[in-house]
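The structure appears right after this line, and notes come after that.
The values are calculated or read from the model by the stated rules, or taken from the named source; none is laboratory data. This structure is a prediction, so every number in the text was calculated from the model and none was measured. Cβ: placed from backbone, ideal geometry, glycine included. Neighbour counts: every protein chain shown.
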Amino acid sequence: MHTISGTDRRKHPRAEIICPVIIQTKRTVISGETQNISAGGALIRCRRRLRPNQVINMFISVSLLNPRLSVSAKVIRSSTSYSANEAGTYDIGVEFRAVSGQDQELI
């Protein structure tokens, strides 16, 4: 029996890139970093757990030369990070819901 790994099921290839992120929920603002990103979503590492299906707004700083990307996203998964040097962090998998055409090109 052959199973498909998570990376094989993705619609878009992911780039391993760390960019600062500001996450805005209805109740709070959280800072974090991308761990990887694609045209369809990202893996974010931050110090707060977010609930699956929660809709958030994100501001991603791709470079100093470009303005921050503004993205609406849905939390797909949220789990404790297993990075040895970053205790107390969470890995948040998000699916992009709304990205402008110009921001999509930068991603």
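Structure above, values below:
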| read-out | value |
| --- | --- |
| Filtered residues of segment 13-58 (kept if of a type in the set (Ser, Thr, Tyr) and in contact with a strand residue (DSSP E or B) (Cβ under 8 Å, 6 or more places away or on another chain)) | Thr25, Ser31, Thr34, Ser38 |
| Count - residues of segment 59-80 that are touching a strand residue (DSSP E or B) at 6+ places or on another chain (Cβ under 7 Å) and closer than 20 Å to Val29 by Cβ | 13 |
| Test: residue in segment 51-67 that is touching a Ser or Thr at 6+ places or on another chain (Cβ under 8 Å), among the charged types (D, E, K, R) and modelled with pLDDT under 95 | yes |
